[in-house]
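Here the structure comes first, spelled out in structure tokens, and everything after it is commentary.
The values are calculated or read from the model by the stated rules, or taken from the named source; none is laboratory data. Since this is a predicted model, take the numbers as computed values, not measurements. Neighbour counts are summed over all protein chains in view; Cβ atoms, including those assigned to glycine, are modelled from backbone coordinates with ideal geometry.
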Amino acid sequence: MLHLHSLLRWIILILLLVAVIRNFTDRHKAFTPGHKKVALFTLICADLLLLVGLYQWVVGDWGLMHIQNGGMSGVMKNPVWRFFAIEHFAGMLIAIILIHVGYTYTKKNISDSIKHKRVLLYYGLALLIILISIPWPFREVGQITGRTWFPGM
């Protein structure tokens, strides 16, 4: 599952970048079905990533197991356990909620410039939160756990 989670991470980052760049550059143009499709593919990929991540959090070694074994106070005292059990989970959940909110604006009967601005805002915030919440190899939590750019691959 780590392989799939890592692959989906890169796909969602690319899709979010495409959505943000397209909506920024086309913010004064018509909101086309192509814009809506990129937003929809991003939403679908985010939901798949959430499902795989939830499975890993419940069944894996870094989420619920640490909370059950060490208690919440034990998890909060250990920066690595806290990152995976709480911070990564919460950050990604917030980002996926922002993606859902941003996608709802693609379906609303509002002006195209507002659609572009809202998708840009919510998808841009989601991208920022995801980038912050990933255990990159250059971060302390990534170094401690031995994370690579492509975990499991």
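Here are some notes:
- Tally of residues being surrounded by 13 or more Cβ atoms within 10 Å (Cβ to Cβ) and either assigned to a helix (DSSP H, G or I) or among the acidic types (Asp, Glu) (or both) across segment 22-43: 12
- Yes/no for Ile129 being farther than 16 Å from Val20 by Cβ, of a type in the set (Val, Ile, Thr) and surrounded by 15 or more Cβ atoms within 10 Å (Cβ to Cβ): no
- Counting residues in segment 43-50 that are of a type in the set (Asp, Glu) and at pLDDT 95 or above gives one or more.
- Taking (1) of a type outside the set (Ser, Thr, Tyr); (2) more than 17 Å from Tyr122 (Cα to Cα); (3) surrounded by 17 or more Cβ atoms within 10 Å (Cβ to Cβ); (4) touching an Asp or Glu at 6+ places or on another chain (Cβ under 9 Å) in turn, Gln56 satisfies each apart from (4).
- For segment 82-98, the criterion of being in contact with a Pro (Cβ under 9 Å, 6 or more places away or on another chain) and not in a helix (DSSP H, G or I) is met by none of the residues.
- Check on Ala85, surrounded by 13 or more Cβ atoms within 10 Å (Cβ to Cβ) and at pLDDT 90 or above: no
- Apart from one condition, Gln56 fits all of (1) within 22 Å of Trp81 (Cα to Cα); (2) modelled with pLDDT of 95 or more; the exception is (2).
- Candidate set: segment 6-21, residues that are more than 11 Å from the chain's Cα centre (by Cα) and at pLDDT below 95; chosen: the one surrounded by the most Cβ atoms within 10 Å (Cβ to Cβ): Ser6
- All positions within segment 23-50 that are among the β-branched types (Val, Ile, Thr) and more than 14 Å from the chain's Cα centre (by Cα): Thr25, Thr32, Val38
- When the residues of segment 90-126 are filtered to those that are within 16 Å of Asp26 (Cβ to Cβ) and among the charged types (D, E, K, R), the one that is surrounded by the most Cβ atoms within 10 Å (Cβ to Cβ) is Lys115.
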